[in-house]
Every structure is written in C-alpha cells, then in structure tokens.
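Below is one structure, written out as structure tokens; comments come after it.
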Amino acid sequence: MSNRLFGTTGVRKIYGREFDLEMAVRLGKALGTILEEGTVVIGTDVRTTGKLVADALTAGVLSTGVNVVRVGLVPTPTLAFITRQNKYDAGLMVTASHNPPEYTGIKFWRPDGMGYTPEQESQIEAVYDSGVFKAAEWDKLGMLHSLDAIVEDHIAALLQHCDVHLIRTKNYTVVVDPGNGSASVLTPYLTRELGCKVLSINSQADGHFPGRRSEPDETSLGDLIKVVTDIDADLGIAHDGDADRVVFVSERGEVVRGDRTIALLAKEILAKNGKERIVTTVDSSSVLDESVARAGGATIRTPVGDVQVAIKMKESKSSFGGEACGVFIFSEFHLAPEPFLAVCKLLELMARTGRSFGDLISEIPVYPLLKDKIRCSNAKKMEVMETLSERLPEAFDNTKEVLTVDGLGIYLQNGWVLVRPSGTEPVIRITCEAHSKEAAASILKTAKEVVEKVLSS
C-alpha cells in the first residue's frame, strides 16, 4: 500500500502543506463510492481545521448519494462507539490524534466499531487515486442530519460496565487533564458520575493546545503531577488530543507507562477469565509479557497501531489488549481504544482492593526504556529498513531472536531494540529496553550509530 495518504492509523498530514480541503472532498467521495448507499457518521476533535475538513468530507460523501450524520466535537472513542451502537455503515473522525496543532487527519471506522484495516484503507486509496467516483443526481443526493447527546449515551454505557456503587463509596479525588482536547467533554463528567471529586486542568477545548503538548508523557505532564501531589489526589488522568489514549499519574506523582497499566489490569482480567492471550504491540515492555505469564496468560505481539491490536484481538478472541502509549481496548465494549473504560476499571480495582494506584502499580517492575528518532525521508524508508535488516543484527554479539512483525526487532540476552519507520512522520524510530540504564544506553548507542551510518551511505 502506498504511504502517500494513509499512515499507521488513517490519514494524518500538515494542513495547508500536505493536506487540503480538496483531498477531504475526494476522500469523502471515495468512501461513498465504495459504500454506494447507507449512512456515514462524522465527528471532529478540537483541531482548528476540524469543521472545515468535516464540511468537505460531508460534501464528498453526500455527492455520492450516501447519507451523513454529524455529531460535532466528540472524543474518537465516542465516534467509534456511536458507529457501532447505531449500526452506521462507516464512521469518520476528523483528528490528528496526539500530533501538533498544525496537523489534521481522518480516521475511518467500521460498523463493528473497529478502525479500518490496512486492506480497507488500500481500497479507499485506490478509488481516491483513480478519480472515478459515484456521482448522484440532484434529487438522489445523500441526506444530512445531526445528532446530539451521544457523549451522554457513551457515559451511560460505560457506567454499565463497572461497579459504580462500589467506586462511589470511596469518594476518590481525581485530577483530569484533557490537554485542551476532546476528552474535555467527557472525562470530567464520567468521573463525577463515579462519585469522584473532580479537579480539571487544561479542560477548555482549544485546537491550539495552549496548556501543553497534545501527547501525554513525563515531559508534558508537569502541571498535572504538581496538582495531584499538592492536593493529595488519588489519581491523575491525562489524555491526548482526540482522547483515544489515557496516561495515569499515581498519588505519588509518578507518570505510569501504559504497558505497566495494561499489565496491572491484565492480571485482574486473567484472574477473572482464566487463561487467555493479551494483545500488545512490538514496542511494549517485556515486563508485560512477564506479568501476564505469571498470571497464567500469554501475550501476542502485533505491529504498532490500535487497529493492528484490534485485528489480532478479534482473531484470537482476546478480551483485552493495548499499546504502551496509553491505548486500552476491551472487546466486551468495542474494538476501538477505550480510555474511559480503563479509567472505570482502574478506579474499580482500587476500590475493590482498598489499595492506592501507586501501591498497586508498584508490583509491576519498571525496566529502563529509551527512545530516539532520526530524520529519514518517506521515500527512503523502505531502502533503509532493507539494509538495516542485514546490518543491525550483526552489530550485536548477543542476539537471540529477530522479529519483523513491524520494523526490525532485535531481542538480546540483556534487552531488546526496535527500529521502525514512523507511519506519521519522516523519521526512523528507535526504542530499546534493558534491565539497567547502562545496558539500555549501550543498546541505543549501537543501534543509532548503525542507523546513521546506513542513512549517510
């Protein structure tokens, strides 16, 4: 499949430079041409370009005779939820997820609430490239409708999947940081329904993301950490721009990596459901595999991307999976990222055990994990990765296994390194982990030197 339009998940480009409204119209036409009939639901995140792009998409879809329902500003999981609940033929979310504010994009959702597979994206791109679109007559154009209160419907459904009464008895104090993104319209209200005392920061929806970078991590959550510790809150909750990710901060001010939280929740799911497989991506910590194995389960690794996790969950009939970046998928609910249910499940676990999040997560070890990225043009990525597949394993003298599920994964006696081309930026990403900081730094140094040498040759 060409990478000209679609990346790891959907289309994500810089508005005005790599993406314009004509592209949105054509994507809408391509989708409508493939569907031929039915109804598409369209939502937006907080991007300043969101309504413009949604309007263009709407025009493209309507021109093919397919109906459109607009739902306005919603989190991405809410758009996926309503697509499944109302049995729409497709869902379109105008979002660039955690990317900087100059980006815009579109995620495509199936009637079952799962994102479009790479094969379905290829079909969209083929029709887009062909320029041959279905064109309805003036009296057979699609109908446009709008729908309100879907966030309330989403919250109501979430409350049915956790022990609300038990959580309410604890009167937890939580600090919510939506990062000026679309979680602003959901998480503060959900946690209030769970009986929590809620303090919000960066909770005004603003596509300029004035409060912090859209991606929630240790470097961007300083304000959240300070507020959590200053007021002795029980939990900090942070989202990215379109709210398909959640990162938790303990009462001690620790920003907890997503794969450790997956491991914590997986232990509870395995205790309840018995042996099963937990699905995660190639860049998750080995602590997840070890924790799941101790709980009697096994892990399955997939390429990076929530759709890849969802595909494998569906194939393996797994009930739980996710990504280290803060993606959590519960197949009992739908096959889209569901950070809000992760919030419910974590508060429920705290309430049932009577233990703090910091206490619970302390049982999941932390292995040093280092990341870096090196500029590489999209056109050169394939050639570089082919060369690295020969040279990188040879650079280490303790290689145990080489995986090519997504990029190049080298598993060593003392850790691992993953080198993969980004699906959203012109860079090669390097991720490595070891049981000591020194070992991780050494692995990263070696891998980076090999990549830079290949790029310069």
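Cβ crowding within 10 Å, taken as a proxy for footprinting-reagent exposure, orders Glu290, Glu433, Glu37 from fewest neighbours to most as Glu37, Glu290, Glu433.
When a/c is below 1.5 the answer is rounded, else prolate if a/b is larger than b/c, else oblate, so apply that to the chain with a ≥ b ≥ c taken from the square roots of the Cα gyration tensor eigenvalues. Verdict is oblate for the chain. Estimated purely from DSSP H runs of n ≥ 4, each contributing -39500 (n - 2.57), the mean residue ellipticity at 222 nm for the chain is -11500 deg cm²/dmol once divided by its residues. The local environment of Ile106, defined by Cβ-Cβ distances under 10 Å, has a net charge of +3 under the rule Lys, Arg +1 and Asp, Glu -1. On full extension, the segment bounded by Ser316 and Trp138 gains 59.4 nm, given 0.36 nm per residue less the C-alpha separation. Run the numbers for Ser122 and Ser362: contour at 0.36 nm per residue of separation, minus the present Cα-Cα distance, in nm. So the chain would gain 82.1 nm between Ser122 and Ser362. Site pair Ser456 and Arg391 shows an inter-label distance of 1.0 nm when each label is modelled 7 Å from Cα along Cα→Cβ. Along the axis of the charge dipole computed for region 343-457 (Cβ charges of +1 for Lys and Arg, -1 for Asp and Glu, origin at the Cα centre), the listed residues Pro393, Leu370, Ser436 are led at the positive end by Leu370. Each principal axis of the Cα atoms in region 330-430 has its own extent, and those three values, largest first, are 52, 31, 23 angstrom. Think of each Lys and Arg Cβ as +1 and each Asp and Glu Cβ as -1; about the Cα centre, that makes the dipole of region 153-253 roughly 280 debye. Taking a ≥ b ≥ c as the square roots of the eigenvalues of the alpha-carbon gyration tensor, region 11-148 is classed rounded because a/c is under 1.5.
Exposure proxy ranking for Lys107, Lys267, based on other Cβ atoms within 10 angstrom of each Cβ and starting from the fewest, stands as Lys267, Lys107.
Of Ser184, Ser362, Ser146, the sequence from fewest to most neighbouring Cβ atoms within 10 angstrom is Ser146, Ser362, Ser184.
For region 400-457, give the magnitude of the charge dipole about the Cα centre (Cβ charges: +1 Lys/Arg, -1 Asp/Glu; no others), in debye to the nearest 20.
The dipole magnitude comes to about 80 debye.
Taking the Cα centre of the chain as reference, the dipole from Cβ charges on Lys and Arg (+1) and Asp and Glu (-1) amounts to some 260 debye.
Past the 30 Å Cα-Cα mark, which pairs from Lys51/Lys87; Lys345/Lys381; Lys275/Lys445?
Beyond 30 Å: Lys345/Lys381; Lys275/Lys445.
Laboratory data are not the source of any read-out in this text; all were calculated from the coordinates shown. Quick caveat, the model's predicted, so the values are computed rather than measured. Quick reminder, even Gly has a Cβ in these numbers, built from the backbone with ideal geometry, and neighbours come from all protein chains shown.
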